[in-house]
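Engineer: The structure's right below; bear with me while I get my questions together.
The values are calculated or read from the model by the stated rules, or taken from the named source; none is laboratory data. Since the structure is predicted, the reported quantities are computational estimates derived from the model, not experimental observations. Neighbour counts run over all protein chains shown; Cβ positions are idealised from the backbone, glycine included. These accessible areas exclude ligands, DNA and RNA; they are computed on the full protein's heavy atoms, side chains included. Shrake-Rupley method; radii C 1.70, N 1.55, O 1.52, S 1.80 Å.
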Amino acid sequence: NAGVTQTPKFRILKIGQSMTLQCAQDMNHNYMYWYRQDPGMGLKLIYYSVGAGITDKGEVPNGYNVSRSTTEDFPLRLELAAPSQTSVYFCASSYSPDSYEQYFGPGTRLTVT
Amino acid sequence: AQSVAQPEDQVNVAEGNPLTVKCTYSVSGNPYLFWYVQYPNRGLQFLLKYITGDNLVKGSYGFEAEFNKSQTSFHLKKPSALVSDSALYFCAVRPGIILTGGGNKLTFGTGTQLKVEL
């Protein structure tokens, strides 16, 4: 199993550009999550999904959108990138609420200038 | 609202000495508690969890954590630190029941950098 994979690893965007961060998992997990990690701030939940076709907002959803057309994929879309979105983005997945631990991808480091 | 506090930004310990990384939490009802470790330029890796049962839980790489309900704490411990344990450690909490269809959303602490020196 590859686990949770994320692409790209690094990206530099100009203000106002858009991009999609890709996330895929091959563990047949129903639940998937997007977090951002800022220095000294821990991880903040952006969006999550409890299954294909079902998504919901987390703590910091503004400026982002997600979709979940398959169990495996959970892309995160940034529209009109802003410097405040400079961060490291992690995707995670878990099988169900009863499968308590989440499995994380390696992250995408995004810089908006 | 649930929250997690990791009061130390950094913990320094000599190799071979015991280590403790502190965590306190606030959550409605019984907590589910977790420790994750992050090595440089990597994603978080699960170390251990407390769901119910014995207050002392054992996890990966020789780590253990003690749940203390009265002090609302879940400190991470290891009897003998290794240089390879140097990493960023996160404590996380979620309620023990799912109140809505929102999945097991975790609240993370801000992280504690552990530095183990020779």
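Engineer: For the range A:37-49, name all the residues that are over 13 Å from A:Val66 (Cβ atoms) and either in a strand (DSSP E or B) or open to solvent by 10 Å² or more (accessible area, probe 1.4 Å) (or both).
Structural biologist: The answer is A:Gln37, A:Asp38, A:Pro39, A:Gly40, A:Met41, A:Leu43, A:Lys44.
Engineer: Which ones in the range A:92-113 are over 19 Å from B:Pro40 (Cβ atoms) and either more than 14 Å from chain B (Cβ to nearest Cβ) or modelled with pLDDT of 95 or more (or both)?
Structural biologist: A:Val112, A:Thr113
Engineer: Let me ask something else. When the range A:9-23 is examined, which residues are found to be open to solvent by 30 Å² or more (accessible area, probe 1.4 Å) and within 14 Å of chain B (Cβ to nearest Cβ)?
Structural biologist: Once the filter is applied, which keeps residues that are open to solvent by 30 Å² or more (accessible area, probe 1.4 Å) and within 14 Å of chain B (Cβ to nearest Cβ), the range A:9-23 yields A:Lys9, A:Phe10.
Engineer: Of the residues B:Lys69, B:Lys77, which is of a type in the set (D, E, K, R), more than 24 Å from A:Gly105 (Cα to Cα), over 14 Å from the mean Cα position of the chain (by Cα) and open to solvent by 50 Å² or more (accessible area, probe 1.4 Å)?
Structural biologist: Just a single option satisfies the conditions, and that option is B:Lys69.
Engineer: Then there's this: Of B:Leu118, B:Leu114, B:Leu88, B:Leu56, which residue is open to solvent by 30 Å² or more (accessible area, probe 1.4 Å) and touching a helix residue (DSSP H, G or I) at 6+ places or on another chain (Cβ under 7 Å)?
Structural biologist: From the options B:Leu118, B:Leu114, B:Leu88, B:Leu56, the qualifying one is B:Leu118.
Engineer: Report whether or not B:Leu76 is more than 21 Å from B:Ala5 (Cβ to Cβ), in contact with a strand residue (DSSP E or B) (Cβ under 8 Å, 6 or more places away or on another chain) and more than 11 Å from every other protein chain (Cβ to nearest Cβ).
Structural biologist: no
Engineer: Would you mind listing the strands (runs of 3 or more DSSP E) fully within the range B:21-118 where at least 3 residues are in contact with a Cys (Cβ under 8 Å, 6 or more places away or on another chain)?
Structural biologist: Details: elements: B:24-26, B:31-38, B:44-50, B:56-58, B:64-68, B:73-78, B:87-95, B:112-117.
Those strands (runs of 3 or more DSSP E) span B:31-38, B:73-78.
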